[in-house]
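Student: I have a structure here, written as structure tokens, and I will follow up with some questions on it.
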Amino acid sequence: LQSGDLVFARTGATVGKSFLIRGSVPESVFASYLIRVRFPKHISDVYVWYFFQSPVYWKQIIDKSVGTGQPNVNGTRLGELEVVFPESIEEQLKIVEEIESRLSVCDKIEESIEQGLQQAEALRQSILKSAFEGKLVPQDPNDEPASVLLERIKAERAASKPMKKTRKIKEKA
């Protein structure tokens, strides 16, 4: 494997999943359930990898897969995929740049949402703490303390419990 190779799972539960090799790679061999794809200089490997994440790609993979228990897409079927390539590598790279820019915005939005959820949970915990400490609304000094109320409830429950009935067992003669 080398930087720029795209490995593609051709069989099993992960059929169609792909991974783009980037950077230096120690000497390696890929597994037999993978297909390695290398691109000529006029095709951007990153452009193709992004295409391999698209719904258009996945529809084709589903349509070209054979088998049910162990779906499979061989190299011939992979070669039949319809991929639209802009005329120049420069245009492909502009598209990649735009995709990455938009994904970066999505990452920032996701991070912002996560922070908002954490703040909302912290606020919820703070409100619950204040509620149990009696700090949400003005307290009436004539109200009985919660401990006294709980004891009274416990006593009322004990007093209202029905007595267990006992049955006489008939002796056999």
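The values are calculated or read from the model by the stated rules, or taken from the named source; none is laboratory data. What you see is a predicted model; the values in this text were computed from it and never measured. Using ideal geometry, Cβ is built from the backbone for each residue, glycine included, and neighbour counts are taken over all protein chains shown. All accessible areas refer to the heavy atoms of the entire protein, side chains included, with ligands and DNA or RNA removed. Shrake-Rupley method; radii C 1.70, N 1.55, O 1.52, S 1.80 Å.
Student: Hey, among the residues in the range 79-93 that are outside any loop (DSSP other than H, G, I, E, B) and under 20 Å from residue 6 (Cβ atoms), which one's least open to solvent (accessible area, probe 1.4 Å)?
Tutor: Filtering the range 79-93 down to residues outside any loop (DSSP other than H, G, I, E, B) leaves 79, 89-93.
Filter again for under 20 Å from residue 6 (Cβ atoms), leaving 79, 89, 91-93.
Numbers: 79: 65, 89: 44, 91: 91, 92: 2, 93: 89 Å².
Only one residue tops the list, namely 92.
Student: Taking residue 52 as meeting all but one of (1) touching a helix residue (DSSP H, G or I) at 6+ places or on another chain (Cβ under 7 Å); (2) at pLDDT 90 or above, write down the number of the exception.
Tutor: (1)
Student: Here's a follow-up. Would it be correct to say that residue 16 is assigned to a loop (DSSP other than H, G, I, E, B), crowded, with 16+ Cβ neighbours inside 10 Å and at positive phi?
Tutor: Details: assigned to a loop (DSSP other than H, G, I, E, B): yes; crowded, with 16+ Cβ neighbours inside 10 Å: yes; at positive phi: yes.
So residue 16 passes the test.
Student: Sort out which residues of the range 35-69 are surrounded by 11 or more Cβ atoms within 10 Å (Cβ to Cβ) and either part of a loop (DSSP other than H, G, I, E, B) or of a type in the set (Gly, Ala, Ser) (or both), and write them in order of number.
Tutor: Result: 38, 39, 43, 44, 52, 53, 54, 65, 67.
Student: May I ask you to verify whether residue 119 is open to solvent by 40 Å² or more (accessible area, probe 1.4 Å) and assigned to a loop (DSSP other than H, G, I, E, B)?
Tutor: no
Student: Looking at residue 144 and the list (1) over 30 Å from residue 16 (Cβ atoms); (2) assigned to a helix (DSSP H, G or I), which single condition is not satisfied?
Tutor: Residue 144 satisfies all of (1) over 30 Å from residue 16 (Cβ atoms); (2) assigned to a helix (DSSP H, G or I) except (2).
Student: Moving on to the next point. I'd like to verify a number: residues in the range 57-93 that are over 20 Å from residue 14 (Cα atoms) and either in contact (Cβ under 8 Å) with a residue 60 or more places away in the chain or not acidic (Asp, Glu) (or both), how many? Can you show your working first?
Tutor: Initial filter on the range 57-93 (over 20 Å from residue 14 (Cα atoms)): 82-93.
Still in the list and also either in contact (Cβ under 8 Å) with a residue 60 or more places away in the chain or not acidic (Asp, Glu) (or both): 83-86, 88-89, 92-93.
So the count comes out to 8.
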